[in-house]
Amino acid sequence: MYHHIKKLMYTVRVGTPDPRFGNMLLEQFGGANGELAAAMQYSIQGLNCTDMARKDLLMDIGTEELSHLEIVGTLARMHLKPMKKAREAAEADPLVAIAGGGGVTLCNSMGNPWTADYLKITGELDVDLRSNIAAEARAKIVYERLINFCDDAGSKDALQFLMTREITHMKAFMAALESMGKDPLEVGLIPPTPGVVNKFFNDSTGKGDEGETDARGPWNEADDIEYVEAPAKPIAEGTQFEVLEEIQKATRRGNPRSATTQPRSRRLR
């Protein structure tokens, strides 16, 4: 069961409301990496989980994310408040001002509605925990960017708290995954095909305009890795030659100074 207490997990104080920043905050309210997505993802994973210890972890953090949603919603509402009466403020986001009445709406900072497509739920506990670690990392980066774009001290304090809790959750998910004792590459039950799993295809070749090269590193030169040089390169090179040849033919056909119309002196050579 859920029970709401009329007190924020972290007290929010806003000195000077900024409607444009309030709009940015909606990304963490109804966006892909926001608090509602996290709350739903972890809670539904928890409902599906048959490992009682890790089910408790998922439900604990999923429920905390609802408290974070309340903090973000309150913070956004306080920044969006001028939209209710001031035309200039309302112009920062007419959708929020007119359709939402200057309050929070279940959408991201671009006005796109929240969707369950944001959720990563596979029913495989170790895979879900990896998704959750990545989700917390993405949310941490979003909060960091919000802090960098914020001028209000009280808002920054609340965002700093929320950003810090992302790291706390990341550590918890990492510990839960590690305690399962599974190899990082042990995913599912069907093993990969020998002789295929150890091949690394160098499919992006050549030198780029910004200095990109065919780099080597631990990902493609370890002892158990077979480095395969661009399997599609001969086909690509053949295709490139054919394309260039066709371009040249088309250019000759479309050139009014073709062989039949070139100056007499050139045709006699």
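The values are calculated or read from the model by the stated rules, or taken from the named source; none is laboratory data. Note that this is a predicted model, so its numbers are computed, not measured. Please note: Cβ atoms are built from the backbone with ideal geometry, for glycine as well, and neighbour counts cover all protein chains shown.
Some points to look at:
- Count of residues meeting criterion [buried (at least 20 other Cβ atoms within 10 Å of the Cβ) and either touching a strand residue (DSSP E or B) at 6+ places or on another chain (Cβ under 9 Å) or within 11 Å of GLY101 (Cβ to Cβ) (or both)] in the stretch 74-90: 2
- On the stretch given as the stretch 1-23, residues that are over 12 Å from ASP152 (Cα atoms), polar (S, T, N, Q) and exposed (fewer than 15 other Cβ atoms within 10 Å of the Cβ) total 1.
- Test: residue in the stretch 156-163 that is over 19 Å from the mean Cα position of the chain (by Cα) and either exposed (fewer than 13 other Cβ atoms within 10 Å of the Cβ) or not assigned by TED's automatic domain parsing to the domain that holds HIS79 (or both): no
- Meets criteria (β-branched (Val, Ile, Thr), modelled with pLDDT of 95 or more and assigned by TED's automatic domain parsing to the domain that holds LEU26) for ILE147: yes
- Among the numbered conditions (1) within 30 Å of LEU25 (Cβ to Cβ); (2) touching a Leu at 6+ places or on another chain (Cβ under 9 Å), the only one that THR164 does not meet is (2).
- Hey, GLU144 part of a helix (DSSP H, G or I) and under 16 Å from ALA39 (Cα atoms) or not: no
- Any chance ASP151 is acidic (Asp, Glu), touching a Leu at 6+ places or on another chain (Cβ under 8 Å) and more than 17 Å from ASN33 (Cβ to Cβ): no
- Here ALA175, ALA134 are screened, and the one residue that is of a type outside the set (Ser, Thr, Tyr), in a helix (DSSP H, G or I), free of Cβ contacts under 8 Å to residues at least 12 places away in the same chain and loosely packed, with under 13 Cβ neighbours inside 10 Å is ALA175.
- Verdict on VAL127 being in contact (Cβ under 8 Å) with a residue 12 or more places away in the chain, surrounded by fewer than 19 Cβ atoms within 10 Å (Cβ to Cβ) and under 20 Å from LYS55 (Cβ atoms): yes
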